[in-house]
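All remarks here apply to the structure that follows.
The values are calculated or read from the model by the stated rules, or taken from the named source; none is laboratory data. Nothing here was measured: the structure is a model prediction, and the numbers come from that model. Every residue, glycine among them, receives a Cβ derived from its backbone with ideal geometry; neighbour counts consider all protein chains shown. For accessibility, only protein heavy atoms count, side chains too; no ligands or nucleic acids. Shrake-Rupley method; radii C 1.70, N 1.55, O 1.52, S 1.80 Å.
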Amino acid sequence: MNLVTSNLRGGFPATGRAITDSPATREDSVPAIRQYLRIAMRWRYVILSATAAFVLLGLIVTLLMTPKYTAATTVEISRESDQVTNFQGVEREANIADQEFYQTQYGLLKSRSLAERVAARLKLIDDPKFFELFGVSDRDPAFQTINGRYPASNRMIRQRIAGEILLSSINVTPTRLSRLVDIKFTSPDPSFSARVANAWAENFIETNLERKIQATSYGRNLLQKQLTQFKERLDESQRQLVAYASAQRIINLPSQSSDGKTTSERSLVADELATLNAALSQATADRIQAAARYQKAGHAGASTEALRNPAINSLRQKRAELAAEYQRLMVQFEPGYPTAKAVQSQLQQLDRSISREEGRVSGSLEAEYREALDRENSLQAKVNELKSSYLDLRRRAIQYNIYQQEVDTNRALYDGLLQRFKEIGVAGGVGVNNVAVVDPADIPQKPSSPRLFLNFAISLLAGLGLGALAAFALEQIDEAIADPAEVERRLGLPLLGSVPRLKEGTPKEALLDRKSDLFDAYLAVQTNLGFTTEHGVPRSFAVTSTRPAEGKSTTALALATTLARAHRKVILVDGDMRSPSVHHLGGVDHDNGLSNFLAGQDNLDSLTFPMSDLGFTAMSAGPIPPNAAELLTGNRLSLLISRLMETYDHVVIDSPPVMGLADAPLIASRVEGVIYAVESHGIRSSLVKTALGRLASANARIIGGVLTKFEARKAHYGYGYEYGYSYGRRDGDATASGS
C-alpha cells in the first residue's frame, strides 16, 4: 500500500514528520533571545544603517545648535503658617500640609505674573535685543518700531510675550529632602542668564512679602468688622440674661477658684442646699454612731462609756477585793459567820451602786441618740424643702442657662478675635519673610547645551530602536522561506531535504563529484524518499516548482543521478515542453522526445538518449508543440509512464512550473507522487500555497518539499557550519540548489 495517499486538501502525509526531524518543533524550542538575535543578524544592515543615519543626524544637529548657558540661583523656602484666624480645627496642621505648601510655592515660582514682573523689572519689554536674542519675529505689529522705539499701545502684548519667553526658559528644581530650590534660567547669553535668575529670586521674595502685607491688611479689616459684630452680639446677650434673671428672681453668686479668679456662677439656693445636705450627711452619721453606742449600753455595762467610767471601775475594783475576802472567809467559816455576813452585805451594796452608775451611763447615751435623731429629722425636712425650691429654680433657670451659654460663647469669640487682632497689629509691621537667597547666580563659564556625548547617546539609542522596529516590521511582512523549518511550518509540506547554493561550477559538475556538498544533499533526499512508500522510492514521480529557475530541473537531474548510482535503472523525462532543458545536459537536440510520443509516435528507442556520465537514460521534451496542455490531456502520458516502468525501475519527470500553466497539474495527476522544489529566500510562501492548492485540485499526491539554493549564513537558526558535515547529514535535511 502506498503511504503517500493524502493529497493537499486532506493534509500532507504523516511520513513527513518522521522524515524531517520535526523542524517546527525545533523552532518552538529555540529561546526567545536567540530568535531576536537571529532577526537582528538577518536585518543587521537595516539596523546599522538606521543607527548610522541617526548618529550622523544627531552630530549634525549638535554642531548646528546655538550654545546655551544656564545660570542657577539657590533659595530656601521655610514652612510657616499664615493664619488670619487661629481657631482650632479650622485649618489643617502644618505637618500634614507641608507637601501642599511646597507644591504651591513651586507653582508660584513658575507663575505668569512673576515672569511678567521680572520682564518689567529688567526693562525687557521695550528691549529689541531681548526679543532678537530669542528669535521673536519683528513682522508682528507689536514689534514694529517707530523712530527706533516700540509703540506704547502694544506694550501689554509685548509684556505677555516676554513673560512667555522667560517662562519657557526657566526651570524650578527642588532639592530632594530639603527646603532648597534651584531657579535655573537658560539663554544664549551667559550674563543675561545670571541676571534673570537673580531677578527671578528677588522678585519672588518681594511678591511673597507683598502677599503677606496684603493678607495682614485684609485680616485686620476683616477682624475689625467681626469684632464690632461680636461686641454688639455680646452686649445684647448680656442684656437678655440680666432681664430674665430679674424677672424670674434668680440670684446667682460668683464662684472663686483656688487661684482667686472668678469662674462660673452658682445660685443661692444651690449653695444652701449643698451646705444643708452636707450637714444632713454628718447628722445621719452622728445618729448612726449614737444608736450603736446606745444599743451596746443595754448589755449589762458592756458599752464603751461604761467600761471607761472611773466611778464604775473603782466600784468594781472594791467589789473584787471584797469578793476575794469573802471567798477566803468561806474557806474557814460558815456563811452565817458575822464577819462573812458583813462582807456579803458590802458586796450587795457595791452591786447596787454599780447598777445605778451603769443606768446613769445608759440614760446619757439614750439622750444623746434622741438628740442626734431629732437633729437629723430637722435637717432632712429642711433639705426636702430646699430640694423643692431648687427643682423649681431649675425649671425657671433653663432659659437662663441658654442665655448664659450664649453670653459665654459670644464672650469667648470676642476675646479670641480681640487677641488675634492684637497679634496681627504687631506682626503687620514686622515683615517676616520665609524665602531667602542661599547662593546667587554666577555668570556660567561653559555652555550647558548642546551636550555632544548626551546627544550622541540619544542618537545611538534612537537609531538602534528605530532599526530594531524596522527589522521586526520587515520580519513580520517577509514571506520568504528562510530555512528548512519553515517548509513544514508555513507550507505544511514534509521536508525531504535541503541542499546548498552552488558557489561555483554547474550542477552537473557537482553531481559528478561524489564528495561535493550538492551530491551529499541529494543523496539525503533520495534516502528520505525511500521512506515515503511501502516499496521505497516511488517508481514514478514528477519534480515541479512554483515558477521557473527555482531548481526543479537540477533536483530531477540529481535524483535520477543518485538513483542510478544506487544501481537502479532510471529514465529522466523532460516534461517541460515549453522550455526544455534536459537535452542540453546530454549534448543533443530536442527534435525527438516527449511531444512526439504524445502526438502518436510509439518507438521509444528513437525518443531517448543515454546520459553515460551520469548513468541513466533521458528523454527530451521533443519539438515545442503549439499547445502542450492539449497533448497532456489525453491518455498518452499515462501510457508512456506504464511502458517506461516495464523497462525502468524509476521514471523521473522534470515537470513545468505550476503557476500560470496547466501542464504541471496534468503531469502530477499521472504519476505516483510529486516532489515540490522551493527556492530559499527566493519566493513568497503565499505564492507557493496558491500553487500547492492548484496541485491539490488536480488530486496530485505531494510527497514532500525540497528547499533549494539554501545558504546557511542566511538561515534563521544558525546553520553556521559546513553543510556536508552538519545539518544535511545529521537530520537528512539537505536543500537543493538549482539553476
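Which of the residues spanning the stretch 683-692 are modelled with pLDDT of 85 or more and of a type in the set (Val, Ile, Thr)? Passing the criteria: VAL688, THR690.
What about SER680, is it modelled with pLDDT under 90, open to solvent by 40 Å² or more (accessible area, probe 1.4 Å) and not basic (Lys, Arg)? Walk me through how you get there before you give the answer.
Numbers: modelled with pLDDT under 90: yes; open to solvent by 40 Å² or more (accessible area, probe 1.4 Å): no; not basic (Lys, Arg): yes.
No.
Here ARG293, ARG308 are screened, and the one residue that is among the charged types (D, E, K, R), modelled with pLDDT under 75, open to solvent by 50 Å² or more (accessible area, probe 1.4 Å) and closer than 30 Å to ALA278 by Cβ is ARG293.
THR532 satisfies every condition listed in (1) among the β-branched types (Val, Ile, Thr); (2) over 57 Å from the mean Cα position of the chain (by Cα); (3) buried (at least 23 other Cβ atoms within 10 Å of the Cβ) except (2).
At least 3 residues being over 23 Å from LEU695 (Cα atoms) and not aromatic (Phe, Trp, Tyr) is the threshold, and among the helices (runs of 4 or more DSSP H) wholly inside the stretch 529-643 those reaching it are 552-565, 582-586. Taken together, the criteria place GLU722 among residues that are modelled with pLDDT under 75 and open to solvent by 10 Å² or more (accessible area, probe 1.4 Å). When the stretch 164-204 is filtered for residues that are among the aromatic types (Phe, Trp, Tyr) and more than 18 Å from LYS129 (Cα to Cα), the ones remaining, listed by number, are TRP200, PHE204.
Matching residues to (1) modelled with pLDDT of 80 or more; (2) open to solvent by 70 Å² or more (accessible area, probe 1.4 Å); (3) on the phi > 0 side of the Ramachandran plot; (4) among the aliphatic types (A, V, I, L, M):
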{"residue": "LEU413", "(1), (2), (3), (4)": "yes, no, no, yes"}
{"residue": "ARG420", "(1), (2), (3), (4)": "no, no, no, no"}
{"residue": "GLY431", "(1), (2), (3), (4)": "no, no, yes, no"}
{"residue": "ALA441", "(1), (2), (3), (4)": "yes, no, no, yes"}
{"residue": "GLN445", "(1), (2), (3), (4)": "yes, yes, no, no"}
{"residue": "ILE458", "(1), (2), (3), (4)": "yes, yes, no, yes"}
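Taking the listed residues PRO507, PRO500, the one that is under 59 Å from the mean Cα position of the chain (by Cα) and closer than 25 Å to HIS583 by Cα is PRO500, with no other qualifying. Each residue in the stretch 130-181 was checked for being charged (D, E, K, R), part of a loop (DSSP other than H, G, I, E, B) and modelled with pLDDT of 85 or more, and 2 pass. The set of residues from the stretch 668-697 being within 20 Å of VAL525 (Cβ to Cβ) and among the β-branched types (Val, Ile, Thr) comprises VAL671, VAL674, ILE675, VAL678, ILE683, VAL688. Filtered by the rule that a residue be open to solvent by 20 Å² or more (accessible area, probe 1.4 Å), modelled with pLDDT under 80 and assigned to a loop (DSSP other than H, G, I, E, B), the stretch 469-513 gives ASP478, GLU479.
Filtering LEU518, LEU511, LEU523, LEU559 for residues that are out of contact with any Leu (no Cβ under 9 Å at 6 or more places or on another chain) and not charged (D, E, K, R) leaves a single hit, LEU523. Looking at the stretch 610-620, is at least one residue among the polar types (S, T, N, Q) and loosely packed, with under 13 Cβ neighbours inside 10 Å? So far as the stretch 610-620 goes, yes, one or more of its residues are among the polar types (S, T, N, Q) and loosely packed, with under 13 Cβ neighbours inside 10 Å.
Can you pull out the residues in the stretch 228-286 that are modelled with pLDDT under 80, surrounded by 12 or more Cβ atoms within 10 Å (Cβ to Cβ), small (Gly, Ala, Ser) and assigned to a helix (DSSP H, G or I)? Hits for the stretch 228-286 are ALA245, ALA270, ALA274, ALA279, ALA283.
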